[in-house]
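As structure tokens, the structure follows; a few thoughts come after it.
The values are calculated or read from the model by the stated rules, or taken from the named source; none is laboratory data. Only a predicted model underlies this, so the values are computations on that prediction, with no experimental measurement involved. Here the Cβ positions follow ideal geometry from the backbone for every residue, glycine too, while neighbour counts run over all protein chains shown.
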Amino acid sequence: MRYQTLIPVDDLAAHLGDPDWVVVDCRFWLDDTEKGRRDYQQAHILGAVYAHLDEDLSAPPRPGETGRHPLPLVDELAARFGRWGISPAVQVVVYDDRGGAIAARLWWLLRWLGHEDVAVLDGGWPAWVAAAHPVDDRVPVPSPRTFEPRLRPEMLVTAEDVLRQMGDPAARLIDSRAPERYRGEEEPLDPVGGHIPGALNYHFIRNLAEDERFLASQVLRQRFQALLDGVAPERAVFYCGSGVTAAHNILAVAHAGLGVPRLYAGSWSHWITDPERPVARGSEPGQG
């Protein structure tokens, strides 16, 4: 069996030590960017390598030109995946301790480069520890493999694409941030508050139950079908603050069996680098 959206902790535990499985720890916190690495060094899933959001899953930002977490260069990303031991036949499992909020970024990056067999660990590190599955503090040395990217450019949109689809009833733009940030009432990270005009709000945290596992696929399907309101999923675009947590919503849509929507990777932090781009505050008509 291959896993392409989510994987339960017991299923991963049954494959620990499998040479064709790679586990990646993505723990990361914006308010302390080294906390995830420290936590990994203290204990992690047996055999897991570590991926740092800023260093491994993003390119260096260029203030005033890019968002806060630009996409890495494809060749650099492919080389990194190869060093971690990922090749076409490998099943990849990614996890964090935030309900998949960071791990979904790596899930999306692998899918973008054409690697389908990647899944987020449902419940993440807390669920793994609660189940008393094996942990370790040793940093593994993976056996390198050749990762050949098969880029899927249709998964991405640009700011210009977003501008062109404004007002198109056959398209949907969805903001994945907290409602107060979407409305422009609070903005702890970026210099301008608000949202892209016409965007509806669906905070990614709504995909999770209280135990930080994903809701049942049928529940997610009903929610996203209501949000899309007849719009084809491939015409939906998700964004967030910097292109990270929007991937959580894309993962949830995929897990619901609705396909893979597109990502505006620069997201809000890129949108506001051009003062000519419009900004809206408050709620949009039709926002539930």
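Every residue, every condition in (1) outside any loop (DSSP other than H, G, I, E, B); (2) within 20 Å of the chain's Cα centre (by Cα); (3) not assigned by TED's automatic domain parsing to the domain that holds Leu30, yes or no:
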position	(1), (2), (3)
Leu77	yes, yes, no
Gly85	no, no, no
Ala132	no, no, no
Val141	no, no, yes
Ala170	no, no, yes
Arg177	no, yes, yes
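Hey, does the range 114-122 have a residue that's under 19 Å from Gly243 (Cβ atoms), of a type in the set (A, V, I, L, M, F, W, C), within 19 Å of the chain's Cα centre (by Cα) and not in a loop (DSSP other than H, G, I, E, B)? Among the residues of the range 114-122, at least one is under 19 Å from Gly243 (Cβ atoms), of a type in the set (A, V, I, L, M, F, W, C), within 19 Å of the chain's Cα centre (by Cα) and not in a loop (DSSP other than H, G, I, E, B), which makes the answer yes.
Mind checking whether some residue in the range 233-244 is over 20 Å from the mean Cα position of the chain (by Cα) and within 29 Å of Leu113 (Cα to Cα)? Steps first, answer last, please.
First, pick out the residues of the range 233-244 that are over 20 Å from the mean Cα position of the chain (by Cα): none.
No, there is no match, as no residue in the range 233-244 is over 20 Å from the mean Cα position of the chain (by Cα) and within 29 Å of Leu113 (Cα to Cα).
The set of residues from the range 32-59 being under 18 Å from the mean Cα position of the chain (by Cα) and over 23 Å from Asp122 (Cβ atoms) comprises Thr33, Asp54, Glu55, Ser58, Ala59.
For the range 206-256, a residue qualifies if it is more than 30 Å from Pro60 (Cβ to Cβ) and among the polar types (S, T, N, Q), and the qualifying residues are Ser217, Gln218, Gln222, Gln225.
Has the range 143-156 got at least one residue that is without any contact (Cβ under 8 Å) to a residue 40 or more places away in the chain and either over 18 Å from the mean Cα position of the chain (by Cα) or surrounded by 12 or more Cβ atoms within 10 Å (Cβ to Cβ) (or both)? Outline the logic, then answer.
The initial filter retains those residues of the range 143-156 that are without any contact (Cβ under 8 Å) to a residue 40 or more places away in the chain, namely 150, 153.
Restricting the remaining residues to those that are either over 18 Å from the mean Cα position of the chain (by Cα) or surrounded by 12 or more Cβ atoms within 10 Å (Cβ to Cβ) (or both) gives 150.
Yes, the range 143-156 has at least one match.
Of the listed requirements (1) in contact with a Pro (Cβ under 9 Å, 6 or more places away or on another chain); (2) outside any loop (DSSP other than H, G, I, E, B), Phe147 misses just one: (2).
Total residues in the range 40-56 satisfying the condition of being touching a residue at least 60 places away in the same chain (Cβ under 8 Å) and outside any strand (DSSP E or B): the figure is 7.
For the range 92-113, a residue qualifies if it is in a loop (DSSP other than H, G, I, E, B) and more than 8 Å from the chain's Cα centre (by Cα), and the qualifying residues are Asp96, Asp97, Arg98, Gly99, Leu113.
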